[in-house]
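Below is one structure, written out as structure tokens; comments come after it.
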Amino acid sequence: MQEMAAKGGPSARPVYALSIHADYQCHQSGVCCTSDWDVPVEVALYRSLEQALATGAVRPAGEPHNGDPILLIGDDLPDEAAAMVARTSTGDCVFYHRGSGLCVVHRDAGHQQLPATCQHFPRLAVRDGRGTSITLTHYCPTAAAMLFREDVALEIVDAPAAFPPAEYEGLVITPEDWPPLLHPRMLMDLAGYSAWERHMVACCARDGISPESILATLDRDARQLRRYSRATGSIADAVAALPQINVPADPHRTLDASLVMYADLLKAVPADMMPEPDEGGLDLAYANGVAGQWREWRLPLTRFLAAKAFASWTAYQGRGVLTIVRGLEAALALVRVEAARQVRNAGRELDSDLLREGFRQADFLLNHLAAGDELAEGWSKVED
Ligand code: SF4
């Protein structure tokens, strides 16, 4: 099992996505180009990009910080990278043109000349024996806005228009790797795991279900599934036999439990990426500006949970189905915290703009700051 950059060339591997993400298109928000991120340049691309820079076919839009070269070469490059793209003193990629919001590599050399990281953001893929499952990081504002859409029912779809067959960057599960664990002492088969993944998404799509009820329902279902015995049939049969009745649960009246989970999440963030502490007044902001509005945003919140349940890396990095549910719980806790932060900073009650920003910041921490395997290890304690 490894995290891999994309390789060129089409693949016959089937692709799956959530219906709400299936027609994703980049709206050039520029967020991914101005976030002070490392952008590795693959070996083959390095040669063509270097030539394009030498001939003037591509010209950087910004000045590299400290007079650095445009393509930075060093000893500590990631595997398969020949260089990193330089950044400006404000953390923009040197190829990002602020005036137009365009990437000059994309504009002047085409999509295929983009580094793999840029071609694949905001996609988060898992490649396993079933095919490629793609969810999105909602740090991308366009992806975050898709959580609010009401024009499409929530479900898993195959052959999504936005994601044609390709070798997507992400978590690659080889035939030698273990399938997801049902619990620390039993492996699932892929049919059983597919059934559980579809069950989680279907639960998120139930009429009128609240995000808290999804967590309570899936917690009950995961605990029932852990009692599975081979004598009673397949794991997929056991998933099909799970109760269809929701477990009721109220929205949180305080932020206390979510702040505890937030502190736990931060343990998976490397020291040099740790955000400055900024939790003062969040409990008050939650009580006064989030708790009363929370039910109104049931739809995007339940869809956010579905986007975490589907194409889950935790399924492969954690120690059972209860770990996956624990990860969903942590993700929702993080949205409460980030929604409260937006409300506190804006000085107004939760609205769609603030919640969208809350989703963005939650996924920034979950997908771009924290180490996924460390998160999964921490959440796996629930299996003991
Ligand atoms: S190379 Fe282009 S798409 Fe990639 S980060 Fe730079 S400006 Fe953005």
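Condition (residue is of a type in the set (Val, Ile, Thr), within 28 Å of residue 172 (Cα to Cα) and touching a strand residue (DSSP E or B) at 6+ places or on another chain (Cβ under 8 Å)) applied to the range 94-109: is it met by at least one residue? No: the range 94-109 contains no residue that is of a type in the set (Val, Ile, Thr), within 28 Å of residue 172 (Cα to Cα) and touching a strand residue (DSSP E or B) at 6+ places or on another chain (Cβ under 8 Å). Taking first residues from the range 109-132 that are on the phi > 0 side of the Ramachandran plot and partners that are crowded, with 20+ Cβ neighbours inside 10 Å, the Cβ contacts under 7 Å between residues at least 6 apart in sequence or on separate chains come to 131/15; 131/16.
Against the numbered list (1) in the same structural domain as residue 47 (by TED's automatic domain parsing); (2) crowded, with 20+ Cβ neighbours inside 10 Å, residue 128 comes up short only at (1).
If we keep just the residues of the range 343-353 that are surrounded by fewer than 24 Cβ atoms within 10 Å (Cβ to Cβ) and free of Cβ contacts under 8 Å to residues at least 60 places away in the same chain, which is nearest to residue 289 (Cα to Cα)? Among them, the one singled out is 348. Annotation: residue 148 fulfils all but one of (1) away from the ligand (no atom under 14 Å from the Cβ); (2) at pLDDT below 95; (3) aromatic (Phe, Trp, Tyr); the unmet one is (2).
Can you give me the ranges of the helices (runs of 4 or more DSSP H) entirely in the range 266-370 with at least 2 residues that are of a type in the set (Ser, Thr, Tyr)? Lay out the reasoning, then the answer.
Details: elements: 282-289, 298-309, 314-317, 321-346, 352-363.
Those helices (runs of 4 or more DSSP H) span 314-317.
Evaluation of residue 231 against the conditions (1) at pLDDT 95 or above; (2) out of contact with any helix residue (DSSP H, G or I) (no Cβ under 6 Å at 6 or more places or on another chain) shows that the sole unmet condition is (1).
Kindly indicate the residue of the range 34-55 that is under 14 Å from residue 120 (Cβ atoms) and within 19 Å of the chain's Cα centre (by Cα) and also surrounded by the fewest Cβ atoms within 10 Å (Cβ to Cβ) among those meeting that condition. Filtering the range 34-55 for residues that are under 14 Å from residue 120 (Cβ atoms) and within 19 Å of the chain's Cα centre (by Cα), the one surrounded by the fewest Cβ atoms within 10 Å (Cβ to Cβ) comes out as 37. Is it the case that residue 93 is at negative phi, within 14 Å of the ligand (Cβ to nearest atom) and at pLDDT 95 or above? So residue 93 passes the test.
When the range 96-139 is filtered for residues that are at pLDDT 95 or above, of a type in the set (Lys, Arg) and within 10 Å of the ligand (Cβ to nearest atom), nothing remains. Just need a number here: residues in the range 69-82 that are away from the ligand (no atom under 12 Å from the Cβ) and either outside the structural domain of residue 45 (by TED's automatic domain parsing) or under 13 Å from residue 43 (Cα atoms) (or both). Residues that pass the stated criteria total 8. Suppose the filter is closer than 18 Å to residue 120 by Cα, surrounded by 14 or more Cβ atoms within 10 Å (Cβ to Cβ) and either near the ligand (Cβ under 10 Å from one of its atoms) or modelled with pLDDT under 95 (or both); does residue 62 pass it? No; evaluated as a whole, the condition is false for this residue.
Among the residues here, residue 320 does not qualify as free of Cβ contacts under 8 Å to residues at least 40 places away in the same chain, more than 13 Å from the chain's Cα centre (by Cα) and at positive phi. Whenever a residue of the range 24-52 is near the ligand (Cβ under 9 Å from one of its atoms), its partners that are in a helix (DSSP H, G or I), lying with C-beta atoms within less than 6 angstrom and at least six residues away or across chains, give the pairs 39/117.
Residue 207 passes every criterion in (1) part of a loop (DSSP other than H, G, I, E, B); (2) acidic (Asp, Glu); (3) touching a helix residue (DSSP H, G or I) at 6+ places or on another chain (Cβ under 9 Å) apart from (3).
Out of curiosity, is residue 172 modelled with pLDDT of 95 or more and either basic (Lys, Arg) or under 23 Å from residue 372 (Cα atoms) (or both)?
yes
The values are calculated or read from the model by the stated rules, or taken from the named source; none is laboratory data. Note that the coordinates shown come from a computational prediction; the quantities given were computed from them, not determined experimentally. Neighbour counts run over all protein chains shown; Cβ positions are idealised from the backbone, glycine included.
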